[in-house]
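Presented below is the structure to which this report refers.
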Amino acid sequence: MKEFTLLDDVFERFLESTNVFKDREMLRHDYVPDKLPHREEQICCLGEIVAPVLKGSRCSNIFVYGKTGTGKTAVIKYVLNRLADKAREFGAPVKVCYVNCRLAGTEYRVYSSLCGAIGVNVPFTGLAVGEVFDRLKAGLDSGKLLFIVVLDEIDALIKARGDTLLYELTRINETLEDSRTAIVGISNDLQFKEFLDPRVLSSLSEEEIVFRPYDAAELQDILWDRAQMAFLDSVVLDGAVGLCAALAAAEHGDARRALDLLRVAGELAEREGSEHVVEEHIRLAEKRIEHDRVMEALKNLPPHSKLVLCSVYLLGKAKVSCAITGDIYEIYSELCDQSGLAPLTQRRVSGLINELDVVGLLNSRVVSMGRYGRTKKIRLSIARSLIRKVFTTDDRLRRLISYEPGCLAGISRSRG
């Protein structure tokens with residue numbers, strides 16, 4: 001009974017506190033506003049590429065690249081939502097389906113989402129992937145559609161599962177009689193195409209749009225637009241918005257991070273009963289988000305990236321503070337054997353190390369070895385306790401972070 005009273009007090013304090021928000025949903029990532037500042041060029045370019053579907057022709061496949069928070073998903077949803085409205089107005093048989101491949105996780109779930117968008121029922125599980133793909137093709141032909149498939153974070157699925165899905169979707173028009181399909185791929189990885197089989201590349205025939213990061217002034221414009229919709233008048237002070245934009249611009253011009261900072265700062269102000277969102281709230285929000293962001297990044301890594309990170313963790317455990325790629329690859333290969341996974345090549349593992357460096361989980365620096373040339377030294381750039389906390393929730397990884405690879409003793413002696 002005491003717990004209920006305690007919780008009631010929390011809810012009562014919230015209901016009686018000073019209200020700072022008009023509509024906090026305006027600061028969420030999935031909200032697509034009526035205006036997208038500083039992305040007019042990309043909106044027009046994308047609109048010109050997809051416009052042929054309004055006259056019954058298939059548009060080109062499109063691949064959109066850019067770092068997280070550069071407006072890729074928002075622009076694509078904005079353009080395709082308006083395309084769908086215009087298609088209804090002119091009676092064009094256009095359907096659009098958006099799938100986040102990182103969340104879907106498997107080819108089956110991607111195909112299931114595509115089937116659902118055209119009214120084809122597929123059970124949550126139980127069918128062969130080939131059967132689901134056949135149902136998709138049959139559903140498309142019976143509907144006589146121009147079908148635009150948006151595959152967000154397509155690189156996450158391909159790194160984890162291979163490029164079979166993309167290959168099949170790029171060839172699907174060869175087997176369709178009365179419908180046509182176009183693909184819009186979204187990737188945070190500019191080197192994404194290196195993962196693709198040459199046959200997939202030859203089938204894509206895609207157009208590419210690259211989104212550059214926002215600068216601080218552009219982020220400030222975006223934040224002010226959203227703040228006016230999300231907060232009550234005069235709640236957010238100029239200094240808070242300026243600091244928020246500066247912090248996000250320093251980290252690759254990430255608009256998502258800027259919006260998160262502003263929303264969490266507003267929630268912190270709300271909890272303490274403040275009538276204004278000030279710079280101190282932004283600073284507190286930054287500390288809170290940084291911790292949550294690292295945890296989320298660790299949970300969502302592809303399996304091989306987790307094994308690479310686990311290898312660096314084990315080297316640190318053996319007092320090897322700065323490892324080289326060869327050391328990491330030796331342990332990674334042994335962890336793959338323990339996990340029943342086929343190891344990637346050392347070149348691919350080197351690429352994964354670079355990606356983990358880019359997202360801030362590893363720190364790699366090139367050092368001179370004198371007459372022996374130059375080499376790359378790699379170490380963790382996050383607390384070891386965070387890796388333990390996340391990886392111990394996974395049965396396989398819990399065992400691996402306690403594992404002692406046979407090659408570790410030799411590496412420890414030579415590198416320690």
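Seen from Q346, the other residues with C-beta closer than 13 Å to its C-beta sum to a net charge of +1, counting Lys and Arg as +1 and Asp and Glu as -1.
Seen from P37, the other residues with C-beta closer than 9 Å to its C-beta sum to a net charge of -2, counting Lys and Arg as +1 and Asp and Glu as -1.
Placing unit charges on the Cβ atoms of the charged side chains and taking the dipole of segment 40-210 about its Cα centre, the candidate lying farthest along the positive direction among Y78, V64, L201 is Y78. For segment 247-261, putting each phi into the Karplus relation 6.51 cos²θ - 1.76 cosθ + 1.60 with θ = phi - 60° gives couplings of 5, 6, 5, 5, 10, 6, x, 8, 5, 4, 5, 4, 5, 4, 4 Hz, in residue order, rounded to whole numbers and with x for Gly and Pro. Rounded, prolate or oblate: which fits segment 55-141 when a ≥ b ≥ c are the square roots of the eigenvalues of the alpha-carbon gyration tensor, with rounded for a/c under 1.5 and prolate only if a/b beats b/c? Oblate, since a/c reaches 1.5 and b/c is not below a/b. Rounded, prolate or oblate: which fits segment 214-296, taking a ≥ b ≥ c as square roots of the Cα gyration tensor eigenvalues, rounded meaning a/c under 1.5, else prolate when a/b beats b/c? Judged from the Cα gyration tensor, segment 214-296 comes out oblate (a/c at least 1.5, b/c at or above a/b). Taking amide H atoms as placed 1.01 Å from N in the peptide plane, the amide H of E207 lies under 5 Å from those of N61, I62, F63, each 5 or more residues away in sequence or on another chain. The lysines within cross-link reach of K35, meaning a Cα-to-Cα straight distance under 27 Å and a gap of 8 or more places when in the same chain, are K22, K55, K67, K72, K77, K86, K95.
Choose one answer from A249, A258, A297: the residue with the largest mean-square fluctuation in a GNM of the chain with alpha-carbon springs under 10 Å. Among A249, A258, A297, the largest GNM mean-square fluctuation belongs to A297. Beta-bridge orientation, the chain: approximately 30 percent antiparallel, per DSSP, counting only bridges with both partners inside.
If you add up the charges near V184, with Lys and Arg at +1 and Asp and Glu at -1, over every other residue whose beta carbon is less than 15 angstrom from its beta carbon, what do you get?
Value of the local net charge: -1.
The packing ranking of peptides 334-342, 6-14, highest mean first, is 334-342, 6-14, where packing means the average number of other beta carbon atoms within 10 angstrom of each residue.
Efficiency by 1/(1 + (r/R0)^6): what FRET value for R24 and K299, r their Cβ-Cβ distance, R0 = 22 Å, to the nearest 0.05?
Plugging the Cβ-Cβ distance into 1/(1 + (r/R0)^6) gives 0.35.
When only Cα pairs below 8 angstrom with a gap of at least 6 residues are kept, the chain shows a relative contact order of 17 percent.
Read-outs: derived from the displayed coordinates by stated rules, not from any lab. Keep in mind it's a predicted model, so treat the numbers as computed, not measured. Backbone-built Cβ (ideal geometry, glycine too); neighbour counts: all protein chains shown.
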